[in-house]
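Presented below is the structure to which this report refers.
The values are calculated or read from the model by the stated rules, or taken from the named source; none is laboratory data. Please read these numbers as outputs of a predicted model, since none were measured by experiment. All Cβ positions, even for glycine, are placed from backbone atoms using ideal geometry, and neighbour counts span all protein chains on display. With ligands, DNA and RNA removed, areas are computed over all heavy atoms of the protein, side chains included. Shrake-Rupley method; radii C 1.70, N 1.55, O 1.52, S 1.80 Å.
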Amino acid sequence: MNNIEGRGTVNIGEEDWGKVDSGEESIGKAGCTMENKENRPNGVLSQPEFTSATALSTAANYIMNAPELFTHTYRTYIRLRENGSLMLKFWHSNAVDSTWDLGTDAIASEPGGEWSIEAAYLADGGAAPDGSIVPGSQVPVTFGGELSRRVEPGEQFWSDEALLELPENHLLAFTWTLKTAGAGKSFPFNVEGMLVSGYDAPGTLAAQESAADFSESDKLQVLPSFLGYKKDVTKKLVFLGDSITQGVRTAKDQYTHWAARIAEGLGTEYGVWNIGSGWGRAYDVATDGPWLHKAQQGDEVLIVLGVNDLDIGQRSADKLLGDLAHIISRIKEAQPEAIVILSTVPPFNFEGERETHWRKVNECIRMSPPAGVDRVFDMAAVLSVPAPADHRIKPEYMSDEFDPHPNGAAGKAVAEAFLAWYRG
C-alpha cells in the first residue's frame with residue numbers, strides 16, 4: 001500500500017501465499033480426512049476480571065506500509081455493551097491476525113514493525129459520531145504510568161486501567177496518535193469497509209476535542225486488539241471467523257451482524273469477544289500465531305471458518321477439516337475445559353469443485369465433527385435456500401444482488417436461531 005500520512009489505497013496482489021501444510025494425514029471419524037500439525041507454544045493473555053467491552057471486531061488483516069515515517073491520529077466511535085461508570089483498559093498485539101487477499105501485502109501472524117503511541121485517550125463521543133468529543137470528558141490512557149509507549153515488532157502489552165463515565169446511549173470515542181519509526185511496514189489495522197465511524201488526521205491531535213482537521217476514515221480501522229472493561233461475567237465467549245463474523249457489508253454504526261445481535265441477546269452477564277477478520281481463513285489460525293492465541297481465551301469458542309479457505313485459498317475439504325482439527329486441538333490444550341462450538345460453513349454461492357468441497361466439509365461437521373468439538377451449530381441451514389440448491393444463500397440475505405455476504409436481515413435470522421439453539 002502506497003500510503004502517505006496514514007492514508008492511501010489498497011493494492012490487490014496476485015501471488016499465491018504459501019500454505020501451512022505440515023504433518024501426516026490421519027483418518028477422522030466417519031471417514032472425514034483430517035490433517036495433523038505440530039504443536040507450538042503460545043504466549044498468555046490473562047486478565048480474568050476484564051471482558052470485551054464491545055461486539056465490534058478489532059482484528060487486524062492489514063499492515064500500514066508508508067514510504068516515509070509519519071505521525072497520525074485516529075479517532076473511532078464504538079458502542080459499548082454497557083454504559084455508566086466503566087473501568088476500562090486495552091490489550092494490544094502488534095501483529096497481523098489474518099491474510100489479506102493472496103498475502104502480497106499482509107499475511108497471518110506477520111509481526112508489525114516498530115512504532116510508538118504518542119498519546120491515547122478515552123472520551124464521551126456523544127450520541128452521534130461526528131468527529132468531535134464531549135468537552136472535558138477525555139481520560140488519558142497510560143502505560144506503566146507513562147502517557148506514551150514505544151511498541152516493538154510483534155509485541156503484546158496491556159495499558160493501565162482508566163475510569164470513564166459514559167452516559168446512556170452515548171458512544172465511546174477512542175483516540176490515539178501513532179508515530180512510525182521509519183519507512184516501510186509499521187502497525188497492523190483492519191482494512192475492510194468501516195463498520196463504525198472513524199476519523200483520522202495528520203499530526204498529534206489525540207487531545208483535541210473538536211473535529212477540526214479530521215477526515216472521515218475509509219477502510220482504516222486502527223484500534224487496539226482488545227478493549228475490555230472490568231466486569232464479572234458468567235462465561236466468556238469468543239467468536240472466531242472471517243468477514244461473515246466480523247459483519248462486513250452490514251450497516252455502519254448499526255451493529256446488525258449476527259455476532260453483535262447474539263451479544264445483545266445473551267445480555268451482559270456473558271462476555272463476548274468478536275475476533276472475526278475479513279479474508280480470514282482456517283489455515284491463518286492454524287499458523288499458531290496471535291489470532292489463535294486470542295481464540296484460546298474463551299470459556300466457549302464459536303468457530304465459523306471455511307469460506308475463504310475454499311474460495312481464494314482453494315483448499316480441499318480434507319485440508320480445511322485438518323486445519324479446523326488443529327485449531328480445536330490447540331484451543332483444548334490451552335483451555336481443557338473450554339467448550340468448542342463448530343459451525344457449518346455458511347453458503348457463499350460456490351459452484352463446481354468449490355461446491356463439492358463445501359458439501360463434504362459440512363457433511364463431516366454435521367455427522368462426524370473433528371475431535372474436541374462439543375456442539376455443532378448449523379449456520380448454513382439458516383442461511384441456505386432449500387436443497388438441492390442449498391449451496392446458495394437466500395437472495396434476501398445477500399448484501400446486494402451480487403454479494404453473498406450476509407446482510408443485517410441474515411444477522412437477525414442467525415442470531416435468533418443461535419440463541420434458541422444455545423439456550424435449548
Checklist entry - How far is helix 317-334 tilted off the main Cα axis of the chain, in degrees rounded to 10, range 0 to 90? => result 60 degrees
Checklist outcome for this item: Per the charge dipole of segment 215-327 (beta-carbon charges, Lys/Arg positive, Asp/Glu negative, Cα centre), the residue among A263, L305, L292 reaching farthest to the positive end is A263
Checklist outcome for this item: Using a 1.4 Å probe on heavy atoms of the protein chains only, the accessible area for R423 in Å², nearest 10, reads 150 Å²
Item to check | Prolate/oblate/rounded label for segment 283-365 (Cα gyration tensor, a/c 1.5) | outcome: prolate
Checklist entry - For the Cα atoms of the chain, what angle does the longest principal axis make with the long axis of helix 408-423, in degrees from 0 to 90, nearest 10? => result 70 degrees
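Counting alpha carbon pairs within less than 8 Å and at least 6 residues apart, what relative contact order, in whole percent, applies to segment 108-158? Walk me through the numbers on the way to the answer.
Working: 63 pairs, mean separation 24.4, N = 51.
Answer for segment 108-158 is 48 percent.
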Next on the checklist: Going by Cα centres, segment 131-169 and segment 278-346 are how many Å apart?
Outcome noted: 31 Å
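Using DSSP, restrict attention to beta bridges with both residues in the chain and report what percent are antiparallel, rounded to the nearest 5. Spell out each step's value before the answer.
On the way: 59 of 76 bridges.
In the chain, DSSP labels about 80 percent of beta bridges as antiparallel.
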Next on the checklist: Treating segment 348-391 as a set of equal point scatterers at the Cα positions, no solvent, please give the Debye-formula log₁₀ I(q)/I(0) at q = 0.21, 0.24 Å⁻¹.
Outcome noted: -0.73, -0.90
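If you place +1 on the Cβ of every Lys and Arg, -1 on the Cβ of every Asp and Glu, and leave all else neutral, what size is the dipole of the chain about its Cα centre, to the nearest 20 Debye? All intermediate terms of the calculation are to be shown ahead of the outcome.
Numbers: 36 positive and 60 negative charges, 168 e Å.
I would put it at about 800 debye.
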Checklist entry - Among the lysines, which have Cα under 24 Å from the Cα of K360 when same-chain residues fewer than 8 positions away are ignored? => result K19, K29, K37, K319, K394
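Enter the accessible area per residue of the chain (Å², integer; probe 1.4 Å; all protein chains in place). Numbers along the way, then the final one.
Values: 15780 Å² over 424 residues.
Dividing the accessible area of the chain by its residue count gives 37 Å².
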Checklist entry - Got a sec? What order do D101, D374, D160 fall in by accessible area at 1.4 Å, biggest, i.e. largest, first? => result D374, D160, D101
Next on the checklist: Positive end of the dipole of segment 115-197, charges at C-beta (+1 Lys, Arg; -1 Asp, Glu), about the Cα centre: which of N169, S186, I133 has its Cα farthest in that direction?
Outcome noted: S186
Next on the checklist: Under the rule a/c < 1.5 gives rounded, and otherwise a/b versus b/c splits prolate from oblate, where does segment 213-324 land using the Cα gyration tensor?
Outcome noted: oblate
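Using a simple charge model, +1 on the beta-carbon of Lys and Arg, -1 on the beta-carbon of Asp and Glu, nothing else, what dipole does segment 267-399 show about its Cα centre, in debye to the nearest 20? Spell out each step's value before the answer.
Numbers: 13 positive and 19 negative charges, 41 e Å.
The calculated dipole for segment 267-399 is roughly 200 debye.
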Item to check | Cα gyration tensor shape of segment 99-143, rounded if a/c is under 1.5, else prolate or oblate by comparing a/b with b/c | outcome: oblate
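If you average over every viewing direction, what projected area does the convex hull of the Cα atoms of the chain give, in nm²?
On the way: hull surface 75.7 nm².
The directionally averaged projection comes out at 18.9 nm².
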Checklist entry - Tell me, what does the Kirkwood hydrodynamic radius of segment 41-113 come to in angstroms if you use every pair of distinct C-alpha atoms? => result 15.2 Å
Item to check | Range of Cα positions in segment 276-424 per principal axis (Å), largest first | outcome: 42, 35, 28
Checklist entry - Once you list every other residue whose beta carbon is under 9 Å from the beta carbon of F348, what net charge do they have if Lys and Arg are +1 and Asp and Glu are -1? => result +1
Checklist entry - Relative contact order for the chain: what is it in percent, counting Cα pairs under 8 Å that are at least 6 residues apart? => result 19 percent
Checklist entry - Could you give the angle, 0 to 90 degrees to the nearest 10, between helix 352-367's Cα long axis and the longest principal axis of the Cα atoms of the chain? => result 90 degrees
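Return the carbon/sulfur percentage of the accessible area of segment 266-317, one whole number, probe 1.4 Å, all protein chains in place. Write out the running numbers ahead of the final one.
Values: 330 of 830 Å².
Carbon and sulfur: 39 percent of the exposed surface of segment 266-317.
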Item to check | Cα-centre dipole for segment 153-207 with unit charges at Cβ (Lys and Arg positive, Asp and Glu negative), debye to 20 | outcome: 360 debye
Checklist entry - So what is the 222 nm mean residue ellipticity for the chain from helices alone, if each DSSP H run of at least 4 adds -39500 (n - 2.57) and you divide by all residues, rounding to the nearest 500 deg cm²/dmol? => result -5500 deg cm²/dmol
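Given a 1.4 angstrom probe, I'd like the percentage of the accessible area of segment 117-205 that is carbon and sulfur, rounded to a whole number. Mind dumping the intermediate values first?
Numbers: 1700 of 3330 Å².
Summing carbon and sulfur atoms, their accessible area is 51 percent of the total for segment 117-205.
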Next on the checklist: Give the lysines whose C-alpha is closer than 20 Å to that of K185, dropping any in the same chain fewer than 8 places away, or say none.
Outcome noted: K219
